[in-house]
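Report on one structure; see the data block that follows.
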Amino acid sequence: MITLTDVAKSYNSEVSIGPVNLQLPAGGITALVGPNGAGKSTLLTMIGRLLGVDRGAIEVGGLDVSTTKSKDLAKIVSILRQENHYVTRLTVRQLVGFGRFPYSKGRLTLLDEEIISRYIDFLDLGGLEDRYLDQLSGGQRQRAYVAMVLCQETDYVLLDEPLNNLDMRHSVQMMQHLHQAARELGRTIIIVLHDINFACHYADRICAVKDGQIAEFGTPEEIMSDDLLSRVFETPVQCINGPRGRLACFY
Amino acid sequence: MTPPRAAVSTTATRPEHRFKGRLFDWKLLLGVVGVAGLLMLSLTTGVYDVFGAGDGGQMFAITRIPRTIALVLAGAAMAMSGLVMQLLTQNRFVEPTTTGTTEWAGLGLLTVMIIFPTASIIGRMTGAVIAAFIGTMVFFLFLRRVSLRSSLIVPIVGIMLGAVVGSISTFIALQTDTLQNLGVWFAGSFTSVLRGQYELLWIVALIAVAVFLVADRLTVAGLGEDVATNVGLNYNRIMLLGTGLIAVATGVVTVVVGNLPFLGLIVPNIVSMFRGDDLRSNLPWVCLLGIAIVTVCDLIARTIIMPFEVPVSVILGIVGAVVFIFLLLRQRRRA
């Protein structure tokens, strides 16, 4: 479980967070949605202890993120930020291998190598593992990054807009991989998403963030209502029943 | 945690080659042999006939052997410093001479020489190392402040910083009538490397061991603060450690040999082009290539106007500038 108690942060003049009180249960996928500048990414970054809080406390799996040693947290929670540009020329396998850093400090054991292979295969990167990251397409690279954080084998996985810059096919594949990771590997995945329909279809819970506050929190069925979405996103939204569940129409 | 079902079966059929590349292979051996050949050439090159003259053996021990050892240590040190610096700044175009580190080391050296004219070489070295550390930290802190990620702005800022510090050194030198000495120190040259004056360079060998030990941490730091923190690494601590290693290596080389421009820039880039950036297995290659380039340049410097010599930094500057421009153009094409 992830618990935020009275968390506040003034990030810059546009974004100020809180006070936020929130409990995200373990298991499944929780999607953070909301308009630009609502503070979704800031919240996620704070949970992943990459950004300190001004006030309040955040606990992940019972550990306070501001007082627990970073190297211990690295075995509990992993986070992938939105912008990932590495100057370092690494192969896919080397990158994924860094997910084992909290355990082996870089001296990969045979067991580590097996685990790395497992996650490379899990994200269908088997044929690409010896390629350099700069030789991959955007979708492949994004999969490699996700493989790295999954390879960290943390109970909690935080992903900031992993569908950014992915086309339709790759977006769907990515969400299926994450869904599988949540189901088969028992991970708790918190993900910032822009597309409410992706959130509705793949997430178990949706948390709508607006103006630095939690506007709504519930199951996709509860969130997918005309009034609620129109209010949160400040644009007219109509929810209809599609062939595979509810769909938000806002075009 | 339950492993994904599909994965387990495929892992079993995978060949061993999936595992990380080995450190030593026949290619590295070939490289070692090649560099050894260059070093033999360096040992036998010179005006004095060490094999014919009566005191040849003595001369060989006093000048040729120290000079060749110095080439090895200084070449490896500067190439390695460049590599570490490029990782820490996440920028391919930085190295101790494009970030002002060398200039700071020079300023430190000069300051010690003026305040304590009788300072031993260890005292001078300490001054240079401390100044190099401060200077590199100033540069890194500046980078964090302005969070410049543009690959070309960063070295330009560094070169500007270096120019300012260099001017201060020149000013101080003018005031104290040591301008000529300053010129001699800064022009990197192995001419004056004699027995009894170069042994400090062995510190560099320790630095190489240290870099090898923290190689993985440095590589993780090279992926940025977020990734480093995510895997539980103390980013600031590794930055300090890396800066310290660079400062010591650069400081020692500056005091004993002088300024060796571009070496730290071109060597890691060339190695990265062929081998990617796995620091630990690259380190022997970076050292070898650094030694090879500095040795070739020194051989040219020694023979081009025989029986006189030009400072090796002149040759390095020309070679380095050409490779630098090539790298720039190549990056433009890829971007």
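The values are calculated or read from the model by the stated rules, or taken from the named source; none is laboratory data. Remember, it's a predicted structure, so these values are computed and weren't measured experimentally. We place every Cβ from the backbone using ideal geometry, glycine too, and count neighbours over all the protein chains shown. For the accessible areas, the whole protein counts, side chains as well, though only heavy atoms, and no ligand, DNA or RNA atoms are used. Shrake-Rupley method; radii C 1.70, N 1.55, O 1.52, S 1.80 Å.
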- Note on the structure: In chain A the accessible area split gives carbon plus sulfur, as whole percent at 1.4 Å, a share of 48 percent
- Simple SL model, points at 7 angstrom along Cα→Cβ for B:VAL164 and B:THR176; separation in nm is 2.2 nm
- Note on the structure: Short to long, in 10 Å steps from zero, the percent of alpha-carbon pairs of chain A per bin is 7, 31, 35, 21, 5, 0
- List the residues of segment A:62-83 whose accessible area drops by at least 10 Å² when all protein chains are present, compared with their chain alone, using a 1.4 Å probe and counting only protein heavy atoms. A:SER70, A:LYS71, A:ALA74, A:ILE79, A:ARG81
- Item | Leading residue at positive end of dipole, segment A:87-152 (Cβ point charges), from A:VAL96, A:GLY106, A:LEU150 | A:GLY106
- Message: Once R0 is set to 41 Å, what does the formula 1/(1 + (r/R0)^6) return for the Cβ-Cβ distance between A:LEU111 and A:VAL172, expressed as a FRET efficiency to the nearest 0.05?
- Response: 0.80
- In Å and whole numbers, how far do the C-alpha atoms of chain B stretch along each principal axis, longest first? 76, 49, 38
- Query: Using just the C-alpha positions of the protein assembly as shown as equal point scatterers, what log10 of I(q)/I(0) does the Debye formula give at each q in 0.06, 0.08, 0.12 1/Å?
  - Reply: -0.39, -0.64, -1.13
- Query: Over the protein assembly as shown, what is the percentage of antiparallel beta bridges among all DSSP beta bridges, to the nearest 5?
  - Reply: 55 percent
- Please compute how much accessible surface disappears when B pairs with A, both sides summed, using a 1.4 Å probe, and round it to the nearest 100 Å². 3600 Å²
- Among the helices of chain A (complete DSSP H runs), which have Cα atoms covering no less than 15 Å along the helix axis and a Kyte-Doolittle mean of at least -1.0? A:110-122, A:138-151, A:168-184
- Task: Please work out the average accessible area per residue across chain B, using the 1.4 Å probe convention, and give it in Å².
- Result: 45 Å²
- Message: Suppose every Lys and Arg Cβ carries +1 and every Asp and Glu Cβ carries -1, with no other charges. What dipole size does chain B come out with about its Cα centre, to the nearest 20 debye?
- Response: 1180 debye
- Considering lysine pairs in segment A:1-157 that are 8 or more places apart or on different chains, how many have Cα atoms under 17 Å apart? 4
- Query: Where is the GNM fluctuation largest for chain B (alpha-carbon springs, 10 angstrom cutoff): B:VAL184, B:VAL94, B:VAL296?
  - Reply: B:VAL184
- Accessible area in square angstrom per residue, segment A:84-153, 1.4 angstrom probe: 32 Å²
- Task: Return the residues of segment B:179-217 for which accessible area with all protein chains present is lower than in the chain on its own by 10 Å² or more; set the probe to 1.4 Å and exclude ligands, DNA and RNA.
- Result: B:LEU213, B:ASP216, B:ARG217
- Inter-part distance where segment B:243-259 and segment A:65-130 are each reduced to a Cα centre, Å: 34 Å
- Query: At a 1.4 Å probe, which residues in segment A:180-196 are at least 30 Å² less accessible with all protein chains present than in their chain isolated?
  - Reply: A:GLU184, A:LEU185
- Task: Starting from the residue with the highest accessible area, list A:HIS194, A:HIS85 in decreasing order, probe 1.4 Å.
- Result: A:HIS85, A:HIS194
- Message: Using only the alpha-carbon atoms, how far is helix B:279-303 inclined from the longest principal axis of chain B? Give it as 0 to 90 degrees, nearest 10.
- Response: 30 degrees
- Report, by chain and number, residues whose modeled amide H sits under 5 Å from the one on A:GLY28, excluding near sequence neighbours (fewer than 5 apart, same chain). A:ILE189
- Build a GNM of chain A with springs between Cα atoms under 10 Å: which of A:LEU163, A:LEU111, A:LEU136 gets the top mean-square fluctuation? A:LEU111
- Note on the structure: So the FRET efficiency between B:LEU152 and A:ALA26, C-beta based with R0 = 60 Å and rounded to 0.05, is 0.80
- Query: In deg cm²/dmol and to the nearest 500, what is the mean residue ellipticity at 222 nm of chain A if only DSSP H runs of at least 4 residues count, each as -39500 (n - 2.57), divided by the residue total?
  - Reply: -9500 deg cm²/dmol
- Message: Out of all DSSP beta bridges in segment A:76-227, what portion is antiparallel? Express it as a percent rounded to 5.
- Response: 40 percent
- Looking only at A:ASN36, A:ASN21, A:ASN84, which one moves most when chain A is put into a Gaussian network model with springs between Cα atoms under 10 Å? A:ASN84
- With a 1.4 Å probe and all protein chains in place, put B:ARG92, A:ARG100 in order of accessible area, largest first. B:ARG92, A:ARG100
- Any chymotrypsin sites (Phe, Trp or Tyr not before Pro) in segment B:226-335 that lie in a DSSP loop and have at most 11 other Cβ atoms within 10 Å would be B:PHE308
